[in-house]
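A.B. asks: First, the structure itself, so that you have it in front of you.
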């Protein structure tokens, strides 16, 4: 039944993808049995992973990159990972340009006073004290703002009212996020005083979404903030009735070299201990919520999965390295710091995966393996299929912090999660522990535990190039 | 089909209610035809009522009782109602004790710093500047706090973590609201420094619900604020791990005699013009949202219904009086002022209804008519049934502002709306125009138009007492 459901999807993948059609590599029976036992244990109620998120988000709470709270999160994680009996628990420190919000206020001044709810974008510059006050000019898209003349924008506050599309895979984000990154620069270039964007988000509560804008060091091109969807609708309706003047007051704090760091914990391997199977997440969060779905959940998932493997009677052959990256939200700085630190042994990284898309159910498994390693990809997909995970192609993105590894040729996977609701919560005060569905969370732990274990124990070469004659990998 | 669906419900009502079983009074055919035409017009797209809410919430926005914004709302409504060609458009002014929030901030101080999202309750006293800082003491119910000794509470900040139950008819509110009204007094009596309640609300966003506490003049017994559900959960989890110290900083502004007022507009009657058919709503709102569901929608519904009737070729016999009450949120002050002003002609009020429960679909029609007037109640229920409205009993509450009329013996009805989601939005920043479903709104306008017209045109005596011999009203 399951096989017949999967067959058409498989055909589709091979038709679209460029990878060679290869049948699944055989997995030694004992490894497969252990992987299945790991999945069963995770589904039956992995409590280590879920408790990790609960404790992190409760005891530390929000953990803005470079802040005292992020440092507290590192201390907390070190303690917690040692208590869980992980080995080689350590930090790899680095410094970052620091930005935080101090004041963020906006109101309609005319035609009549009315308050707005905004949140400053990460990297926003401050306005003069008391704010800037000017007429709004509205654009329906980032493209429309980019096509505007200086005359249209100069002396005004830009209101960029571009909506974001809700999709299961979160792909609306890539398009929508451009306005967050570039609105301030486009506004400033045209002599505008500040930019207010309709939030990069999909919900209709009075809860704007923060997030990083493009920037030089700590700050970007000008003052910029996000409005909730109802506030954006309200401004649009008001502007239909006549000119609207708004006051925007943003005050910020910045520092050049704030402390941050990556936390590392390992399950040391045996005969292939120098080969690294990396599973990661990021420990920092935005300051508005407690960072439960972004990315406490991811950390709980990878820690929970690694802990299940660590509890096996014997360790797998390769070393499993859990990396809790710092300062992801402010420019993937932990990922870059990791790649810098490990520049000389990136070739020893045989696999990398990152969980950074909440705790929604994984519905498709994508890889980016060598052309000769497609049989391994198929084998992993077969193992994960009973979790309700469809087979995907070989063009996985991997994840934000492991992007530098992917670019350096490290084989990566994307266990793709249902992100239908992710951008309802992402970067808002609503990113809290109660938003995690424990059953869906456990399905993630199951998938991470199984795939990580198999890759670590089989010793498969996932970089493997295709043989000139296209010899079947299944014959290995 | 419809009749057979309704029959069991009718039986149920008569079994439970104390009213005499009477068959529906006949409605003259031309009146019934007109009522049906009014319903059809409303359902086909009443745009006056919906536009009234949209314009009020957009152009005025939030309208806190006694504020400059509420005064602006009165001016706006006067202008709007005159433009709609209502007659006798006037204000009936009164003054109220005024309260508004200036600062509302809370944070966990220990075991480690973490911000909380709170909103002050209406009538909260101010804390000393910089706030009060003390250990939390948690109670799971108002009853538990009331049973606590001074020793348990003295010098502490009370955290009243009582949840509210979601129900279709909103009946969870009556129970839950006691903690909002009484927490500060119970805390202060026991030497506590402030009270934080889990919001009187049913949603799980970081959006606390404001609302009035019990009070003397402008202020109540002490500082009090509401927490969102996720914030309350967070505090409960933190307290499971050890003592928690919190800082609560509330600053307020008060005044003794702030201006408020009721707005009145009429469709004058003909031969029974001195008899008043009153349909009301309240014009003021809390300050956090734009008061779209509470109670812009109610005002749109009664204005929309009255306008449909005003557009008929000839006016109904009795006078239809639309009352937009002021200062409802802060103690039903507009309702009391109206009763005071009209104390000498309350007997001329032959019917009253108030729409103050959002824009959700009406699902049951309840009356409070004289025992001899049950046939009229049945007749109205029959007319409204095609709108999907079930027949209810004869113990209607009426509405908050017409409570004084009900107590004075004025016949009232409750067109009971689906309030499943009402307390997700009630008294939060999320009470905005986008939350109104136009189709459900129009069903409300249809029901108000039909019932108001029938009561005005038939001249029915809804106070009518039962005849000693129980003579059928249907014979009249």
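Any read-out appearing in this document is the output of simple, stated calculations on the displayed coordinates, not a laboratory observation. This structure is a prediction, so every number in the text was calculated from the model and none was measured. Quick reminder, even Gly has a Cβ in these numbers, built from the backbone with ideal geometry, and neighbours come from all protein chains shown.
A.B. asks: With both partners inside the protein assembly as shown, how many of the DSSP beta bridges are antiparallel, as a percent to the nearest 5?
C.D. replies: Details: 81 of 141 bridges.
Restricted to the protein assembly as shown, the bridges split so that about 55 percent are antiparallel.
A.B. asks: Something else now. As a footprinting exposure proxy, order B:303, B:132 by other Cβ within 10 Å, with the fewest listed first. Spell out each step's value before the answer.
C.D. replies: Values: B:303 30, B:132 19.
Arranged by neighbour count, lowest to highest, B:303, B:132 become B:132, B:303.
A.B. asks: Another one. Which percentage, to the nearest 5, of the DSSP beta bridges contained in segment A:341-462 is antiparallel? Present the calculation step by step, with values, prior to reporting the outcome.
C.D. replies: Working: 6 of 10 bridges.
Percentage antiparallel, nearest 5: 60.
A.B. asks: Can you give the calculated 222 nm mean residue ellipticity of the protein assembly as shown, where each DSSP H run of n ≥ 4 adds -39,500 (n - 2.57) and the sum is split over every residue, rounded to the nearest 500 deg cm²/dmol?
C.D. replies: On the way: 28 runs with 322 residues, N = 952.
Theoretical 222 nm ellipticity from helices: -10500 deg cm²/dmol.
A.B. asks: If you don't mind, there's one more thing I want to ask. By counting other Cβ atoms within 10 Å of each Cβ, how are A:183, A:299 ranked from fewest to most? Please report the intermediate quantities before stating the final value.
C.D. replies: Numbers: A:183 32, A:299 28.
If I rank by nearby Cβ atoms, fewest first, I get A:299, A:183.
A.B. asks: Between segment A:382-450 and segment B:165-187, how far is it from one alpha carbon centroid to the other, in angstrom?
C.D. replies: Centre-to-centre distance over Cα atoms comes out at 41 Å.
A.B. asks: Okay, next question. Which of B:48, A:158 comes first, and how do the rest follow, when ranked by fewest Cβ neighbours within 10 Å? It would help to have the intermediate numbers written out before the result.
C.D. replies: Details: B:48 19, A:158 28.
Going from sparsest to densest Cβ surroundings: B:48, A:158.
A.B. asks: Rounded to the nearest 10 degrees, what's the angle between the helix B:2-16 long axis and the longest principal axis of chain B, both from Cα atoms, 0 to 90?
C.D. replies: The angle comes out at about 60 degrees.
A.B. asks: Note down the nm distance, to one decimal, between modelled labels 7 Å out along Cα→Cβ at residue B:178 and at residue B:382.
C.D. replies: Between residue B:178 and residue B:382, the label points sit 4.3 nm apart.
A.B. asks: Turning to a different aspect of this structure: Could you work out how far helix B:68-83 tilts from the main Cα principal axis of chain B, as a 0 to 90 degree angle to the nearest 10?
C.D. replies: 20
A.B. asks: Write down the percent of antiparallel bridges among all DSSP beta bridges whose residues are both part of chain A, to the nearest 5.
C.D. replies: 60
A.B. asks: At 0.36 nm per residue, minus the direct Cα-Cα distance, what do residue B:143 and residue B:255 gain on full extension? Give it in nm, one decimal, please. All intermediate terms of the calculation are to be shown ahead of the outcome.
C.D. replies: Values: separation 112, 0.36 × 112 = 40.32 nm, distance 3.29 nm.
Here the segment from residue B:143 to residue B:255 would lengthen by 37.0 nm.
A.B. asks: Follow-up. How high is the FRET efficiency between residue A:274 and residue B:239 when r is their beta carbon distance and R₀ equals 41 Å, given to the nearest 0.05? Before the final figure, lay out the partial values.
C.D. replies: Working: r = 47 Å, r/R0 = 1.14.
Using R0 = 41 Å, I get an efficiency of 0.30.
A.B. asks: If each Cα of the protein assembly as shown is one equal point scatterer, what is log10 of I(q)/I(0) from the Debye formula at q = 0.04, 0.06 Å⁻¹?
C.D. replies: -0.24, -0.52
A.B. asks: Using label points projected 7 Å from each Cα along Cα→Cβ, tell me how many nm separate residue A:85 and residue A:466, to one decimal.
C.D. replies: 4.6
A.B. asks: Return the distance in nm (one decimal) between the two label points of a simple spin-label model at residue A:407 and residue B:72, each offset 7 Å from Cα along Cα→Cβ.
C.D. replies: 4.9
A.B. asks: Could the peptides B:243-249, B:287-293, A:250-256 be put in order, highest first, of the mean number of other beta-carbon atoms found within 10 Å of their residues? Please list the in-between numbers first.
C.D. replies: Values: B:243-249: 20.4, B:287-293: 27.1, A:250-256: 16.4.
My ranking of the peptides, most packed first, is B:287-293, B:243-249, A:250-256.
A.B. asks: Give the separation of the Cα centroids, segment B:67-138 to segment A:225-282, in Å.
C.D. replies: 31
A.B. asks: Now a separate question. Chain A: which residue's Cβ hugs the A-to-B rotation axis most tightly, distance rounded to whole Å?
C.D. replies: Nearest residue, distance rounded to whole Å: A:205, 3.
A.B. asks: Okay, next question. Using a Förster radius of 56 Å, what is the FRET efficiency between residue A:312 and residue A:165 based on their Cβ-Cβ separation? Nearest 0.05, please. Walk me through the numbers before you get to the answer.
C.D. replies: Values: r = 43 Å, r/R0 = 0.77.
Once the sixth-power term is evaluated, E becomes 0.85.
A.B. asks: Let me ask you something else. If I take R0 = 22 Å and measure r between the Cβ atoms of residue A:152 and residue A:112 in this structure, what FRET efficiency does the formula 1/(1 + (r/R0)^6) give, to the nearest 0.05? It would help to have the intermediate numbers written out before the result.
C.D. replies: Values: r = 25 Å, r/R0 = 1.15.
With R0 = 22 Å, the Cβ-Cβ based efficiency is 0.30.
A.B. asks: Please give the helix A:374-384 orientation as an angle from the longest Cα principal axis of chain A, in degrees from 0 to 90, rounded to the nearest 10.
C.D. replies: 80
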